[in-house]
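The values are calculated or read from the model by the stated rules, or taken from the named source; none is laboratory data. None of these values were measured; they are calculated from a predicted model. Reconstructed Cβ throughout: ideal geometry from the backbone, glycine too, with neighbour counts over all protein chains shown. SASA here: full protein model, heavy atoms, side chains in, ligands and nucleic acids out. Shrake-Rupley method; radii C 1.70, N 1.55, O 1.52, S 1.80 Å.
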Amino acid sequence: MKASALLRPTLLLLLALTLPLGAAVLLEDNFRSAAPPQRKPATARGEWKIAEGMATSIHNDELYKKNKNHGAVMWYDLNFRDAVLTFSFRAERCQTVGFTLNNAKGHVFRFRQTDAGLDVLAWASQDKDTKATPLHRADDKGPALAHGKWTNFELRFAGPKVTVTVGDYRRTYENAGLAVEKSRFGISYDLGAFSVRDVKVESVEAKP
């Protein structure tokens, strides 16, 4: 047997070990099976009903005022740096639907969708005096809330960039402050009734 034939299996093994293993599922919440440990619904800001593969909350005016006009939020504690987050939601007479991404020091990223369009914000750092940088304003061209219909969202974080996909709308934004470790994200709404389903996070980091 030739030496090259003997070496071939070893070379194939070494090649396999050096290639990325692809996306790893960090979180998958279909609201049907047991709740994942990462899910931390903030019941102090509103109640959530889990049924038929979704989580639903209805505006509570008393709790809303008590929490300084902040609506109910579904929090997830999850450590990652670069990842793809997907979920679907249905807003009915909601004023705002929001997504907030934090790390241990403070806010990293946020979007808000209203009848006027989309707001996208990033924080250059989590220092106390750092204000959010608008990456996209609601008065720019962007998708407004589609009341009573399911909307698919995808957020793809890669270094200083994030690609936001809302239905057929897609746009990439960049801010150096996005290239940090993340540890928590929340999906929230103000007023009306709100449902969320199929929350999933996949890491896009290469694995050794």
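Details
- Hits in region 159-177 (condition: within 13 Å of the chain's Cα centre (by Cα), among the hydrophobic types (A, V, I, L, M, F, W, C) and either under 20 Å from Ala104 (Cβ atoms) or surrounded by fewer than 17 Cβ atoms within 10 Å (Cβ to Cβ) (or both)): Val162
- Restricting region 80-95 to residues that are closer than 15 Å to Trp150 by Cα and in a loop (DSSP other than H, G, I, E, B), the residue that is most open to solvent (accessible area, probe 1.4 Å): Arg93
- The set of residues in region 110-148 that are within 18 Å of Gly192 (Cβ to Cβ), of a type in the set (Gly, Ala, Ser) and open to solvent by 50 Å² or more (accessible area, probe 1.4 Å) contains only Ala116.
- Going through (1) open to solvent by less than 10 Å² (accessible area, probe 1.4 Å); (2) closer than 15 Å to Ser188 by Cβ; (3) in contact (Cβ under 8 Å) with a residue 40 or more places away in the chain one by one, Leu27 falls short only on (2).
- Residue match in region 68-78 (condition: open to solvent by less than 70 Å² (accessible area, probe 1.4 Å), small (Gly, Ala, Ser), over 20 Å from Phe157 (Cβ atoms) and modelled with pLDDT under 90): no
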